[in-house]
1. Tell me, what is the percent relative contact order of the chain, built from C-alpha pairs under 8 Å that lie six or more residues apart?
2. Using the 10 angstrom Cβ neighbour count as an exposure proxy, how do Ile85, Ile138, Ile239 rank, fewest first?
3. For a quick check: sort Ser180, Ser207 by the number of other beta carbons within 10 angstrom, fewest at the front.
4. Using only the alpha-carbon atoms, how far is helix 44-62 inclined from the longest principal axis of the chain? Give it as 0 to 90 degrees, nearest 10.
5. Sequence gap at least 6, Cα distance under 8 Å: using those rules, report the relative contact order of segment 6-126 to the nearest whole percent.
6. Per residue of the chain, what 222 nm ellipticity follows from adding -39500 (n - 2.57) for every DSSP H run with n ≥ 4, rounded to the nearest 500?
7. Could you check the simple spin-label distance between Asn103 and Asp155, using points 7 Å along Cα→Cβ, in nm with one decimal?
8. In Å and from the alpha-carbon atoms only, list the Rg and Dmax of segment 136-244.
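Here, each number is a calculation from the coordinates, and none is a lab measurement. None of the values given here were measured: they were computed from a predicted structure. Cβ atoms come from the backbone with ideal geometry, glycine included; neighbour counts cover every protein chain shown.
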Amino acid sequence: MSAKSHQYRDLTITPITAEKDMVVSCDISAGFGDRKYDIVKCSPEISVSFTLRTAMLELISYGATPLNVVDTLSVEYNPTGISVIKQMQKDLADMGYSEVSINGSTEDNLDIQMTTVSVTVIGEAPHEKTRQINPATIFQLGRPLVGNEVLANLDHIFTVKDAIDLRKDPNVSDMIPVGSKGIEYEMSVLAASNGQTLQLETSVDQSQMKKTVGPSTVLLVVVEDQNLIDFKKDHPELIKIAKLR
């Protein structure tokens, strides 16, 4: 079949066969590390973990299965690159994807004094011509964190495994991770991609709606209204923030 790629949200979708699509996601982190000119001081392992996390959340939220991970690092291979790759291997194993291969490149010609980590994830998903959702409710998992707020709340941020488990819930119609553009923007993307209008809950904290969410510390979960009772019973920790109509 003709493999015509298109963009869907932050993903690139390429039909491979009549039944299967290739799905590509990516993310980048710059200035997070332990080098002289890094702005937020942390280990390079933390930097790559959150970069991989964001790319994986994009893929998983779509319903795709990761096959390959490609990292592009501004650091030298030995020792920093080696430790970063080991961290990605550990993270993938924790997610249940220890069989996913990792390829990439490091910078071994220049002594770069700012950490930059880029991660691309290639996966596959069943081919879908359209995605249409009936009247539904949007729930929020996590809260907006950025920069040093992330480092101060490492133990309170939901995991990729949490997102994988949510995606398996038959009551979940759609999911989308929130990044630098904030919750309100991503909810507008959800509404536009489904041809619906957005109705915010009156209890929503407006100051949190536009705040950058850094490395996807918030996940939006869409549940059609007919499935709300079962979903809320299984996931009481999620916060209802809007309706799609």
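1. Values: 506 pairs, mean separation 55.8, N = 245.
Contact order relative to length: 23 percent.
2. Working: Ile85 19, Ile138 26, Ile239 13.
Final ranking by Cβ density, sparse to dense: Ile239, Ile85, Ile138.
3. Numbers: Ser180 13, Ser207 8.
The order, fewest Cβ neighbours first, is Ser207, Ser180.
4. With both axes taken from Cα atoms, the answer is about 30 degrees.
5. Values: 251 pairs, mean separation 45.8, N = 121.
Worked out over segment 6-126, it gives 38 percent.
6. Details: 7 runs with 68 residues, N = 245.
After summing the helix terms and dividing by residue count, I get -8000 deg cm²/dmol.
7. 4.1
8. When restricted to the Cα atoms of segment 136-244, Rg and Dmax are 13.3, 40 Å.
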